[in-house]
Amino acid sequence: MALTLRDFELAQKRLEGIVHRTELARSTTFSDMAGGDVYLKCENRQKTGSFKIRGAANKIGALVERGEVKAVVASSAGNHAQGVAYAAHSHGIPATIVMPKAAPIAKVQATEGYGARVVLHGDCYDEAYSRAMEICEEEGATFLHPFDDYEVMAGQGTVALEILSELPTVDTVVVPVGGGGLISGVAACIKQVNPRVRVVGVQAEGACAVYKSFKAGKHITTDGVSTIADGIAVGNPGEKTTAEILRCVDDMVTVSDNDISSAILLLMERSKLIVEPAGASSLAAVLAGKVDAKGKRTVCLLSGGNIDVSFIHRVIDQGLVSRHRRIKFTVRLPDAPGKLIGMLQGVAESGANIMEIDHDRLSSVLGPNEILVHVACEVGGEEHGLSVVAALKRAGYEVLPDNM
């Protein structure tokens, strides 16, 4: 089965009154950085905080129309859980969401707040999924897959209809990719409305099963995933989504966690937007030069904004490092009075803000009357950081540069 334009039009009608038509705005900052016109499609401001509600609401709406559902079940610890909960509540359908026991309390409470029953089971997604299937059997409920379902894909693809209606002259749409539901719907829709528009998918380097599938021309799984972008950390993409991706997507690229962290920080500082790592991967690809945006109109789809508050500081730290706003270096000093304060005064006079200092008297490279001092500083950028280290070297200090 291939998705048709009629599927997306029906989905858009089903979603009326349930989802937001999210903002599509040109960013002067990112346009200047990329050398073209960069637009942000802000699904991070969607109801429940991500695009996932589109697919869930369309699937449930279609099931209700056919009289095929009395209750729904999903297994998720992320955006799919909240999307299903909200969509089911909108249709007056009971929803049960099975989450691993270690799921963040905030996500459990948010899902319950949307009217779903949450069942905590198992230590990983696979165990939660098994329990969800058991509940479906016990209660005669319908399982909602997070991505490998044509009606879910059609719902996700409605975001493409919004982009094309507001910016018909768009050249490229850049889409985060996990299991493939979002990009499958977006690409299938765009290629039927305007085949000229390029659709490029983005995965994290540590979770790139779809990237490998695209390059190999067949469905491929990975043994494990490792990335800060938990929303796209999928080792086994869908069979149906992979087929649509191979049929409709123009290119796939990967980005590093540092690229993603830098994009999150820039979105906070320049656009005042809170975007989760998965959602920021599209902009990360453009700013890292993985997607050619020079002289083009490029839409970066910010797929979600549900970032764990307790995790934000780690992402910000990583973003500061990747943008050379934070440096770390080591200085070998004589273990004598006044030597440390002299070195620190040199750092301060260079305009750096000292954040951490650590004394090391146990290193094997030290002489009997020497110490190593590890220093972490906040600086104004790469050039400033290099000038701080250069000034210390000119003052006679032995500096061993390092990355924080």
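The values are calculated or read from the model by the stated rules, or taken from the named source; none is laboratory data. Please read all numbers here as calculations on a predicted model, not as lab measurements. Neighbour counts are summed over all protein chains in view; Cβ atoms, including those assigned to glycine, are modelled from backbone coordinates with ideal geometry.
List the strands (runs of 3 or more DSSP E) inside the range 343-404, counting only whole elements, that have at least 2 residues being touching a helix residue (DSSP H, G or I) at 6+ places or on another chain (Cβ under 8 Å), among the hydrophobic types (A, V, I, L, M, F, W, C) and closer than 23 Å to H324 by Cα. Passing ranges, in order: 353-360, 370-378. Of the residues making up the range 109-118, those that are crowded, with 18+ Cβ neighbours inside 10 Å and either in a helix (DSSP H, G or I) or without any contact (Cβ under 8 Å) to a residue 40 or more places away in the chain (or both) are A110, T111, A116, V118.
Confirm whether E162 is within 30 Å of G67 (Cα to Cα) and either of a type in the set (A, V, I, L, M) or surrounded by fewer than 22 Cβ atoms within 10 Å (Cβ to Cβ) (or both).
Yes; evaluated as a whole, the condition is true for this residue.
Quick check on my filter: what residues within the range 190-249 are polar (S, T, N, Q), touching a residue at least 60 places away in the same chain (Cβ under 8 Å) and more than 18 Å from G155 (Cβ to Cβ)? Answer for the range 190-249, where residues must be polar (S, T, N, Q), touching a residue at least 60 places away in the same chain (Cβ under 8 Å) and more than 18 Å from G155 (Cβ to Cβ): Q203, T242.
Return the residues of the range 67-106 that are assigned to a helix (DSSP H, G or I), surrounded by fewer than 24 Cβ atoms within 10 Å (Cβ to Cβ) and not aliphatic (A, V, I, L, M); say none if nothing qualifies. Working first, answer last.
So the first thing to find is which residues in the range 67-106 are assigned to a helix (DSSP H, G or I), and the list is 79-90, 105-106.
If we keep only those that are surrounded by fewer than 24 Cβ atoms within 10 Å (Cβ to Cβ) as well, we get 89-90, 105-106.
Correct list: H89, S90.
Taken over the range 184-209, the criterion of being among the small types (G, A, S) and not in a helix (DSSP H, G or I) is satisfied by G201, A204, G206, A207. Within the set L246, L273, L266, the sole residue that is surrounded by fewer than 24 Cβ atoms within 10 Å (Cβ to Cβ), part of a loop (DSSP other than H, G, I, E, B) and in contact with a helix residue (DSSP H, G or I) (Cβ under 9 Å, 6 or more places away or on another chain) turns out to be L273.
Taking T254 as the residue in question, decide whether it is modelled with pLDDT of 90 or more, out of contact with any helix residue (DSSP H, G or I) (no Cβ under 6 Å at 6 or more places or on another chain) and part of a strand (DSSP E or B).
Details: modelled with pLDDT of 90 or more: yes; out of contact with any helix residue (DSSP H, G or I) (no Cβ under 6 Å at 6 or more places or on another chain): no; part of a strand (DSSP E or B): yes.
So T254 does not fit the description; no.
Could you grab the pairs with beta carbons closer than 7 Å, sequence gap of 6+ or different chains, first residue in the range 356-383 and at negative phi and of a type in the set (G, A, S), second one surrounded by 12 or more Cβ atoms within 10 Å (Cβ to Cβ) and assigned to a strand (DSSP E or B)? Listed pairs, sorted by first residue: S363/L372; A376/R326; A376/K328; A376/M355.
Given the structure, is E138 assigned to a helix (DSSP H, G or I), in contact with a strand residue (DSSP E or B) (Cβ under 8 Å, 6 or more places away or on another chain) and either at negative phi or not small (G, A, S) (or both)? Please lay out each step first, then the result.
On the way: assigned to a helix (DSSP H, G or I): yes; in contact with a strand residue (DSSP E or B) (Cβ under 8 Å, 6 or more places away or on another chain): no; either at negative phi or not small (G, A, S) (or both): yes.
Judged against the criteria, E138 is not a match.
Among the residues making up the range 231-243, those that are in a helix (DSSP H, G or I) and touching a strand residue (DSSP E or B) at 6+ places or on another chain (Cβ under 9 Å) are G231, I232. Look at (1) of a type outside the set (G, A, S); (2) more than 34 Å from the chain's Cα centre (by Cα); (3) at pLDDT 85 or above and you find that V375 fails only one, number (2). Residues in the range 276-304 that are buried (at least 21 other Cβ atoms within 10 Å of the Cβ) and part of a loop (DSSP other than H, G, I, E, B): E276, V291, A293, S303. For the range 305-341, the set of residues classified as over 30 Å from Y397 (Cα atoms), assigned to a helix (DSSP H, G or I) and not aromatic (F, W, Y) consists of V309, S310, I312, H313, R314, V315, I316, listed by residue number.
Considering M343, M355, which residue is of a type in the set (A, V, I, L, M, F, W, C) and within 31 Å of the chain's Cα centre (by Cα)? Spell out how you get there, then give the answer.
Numbers: M343 fails: within 31 Å of the chain's Cα centre (by Cα).
When all the criteria are applied, what remains is M355.
If you go through the range 172-207 and keep only what is over 20 Å from G55 (Cα atoms) and either at pLDDT below 95 or among the small types (G, A, S) (or both), you end up with A204, G206, A207.
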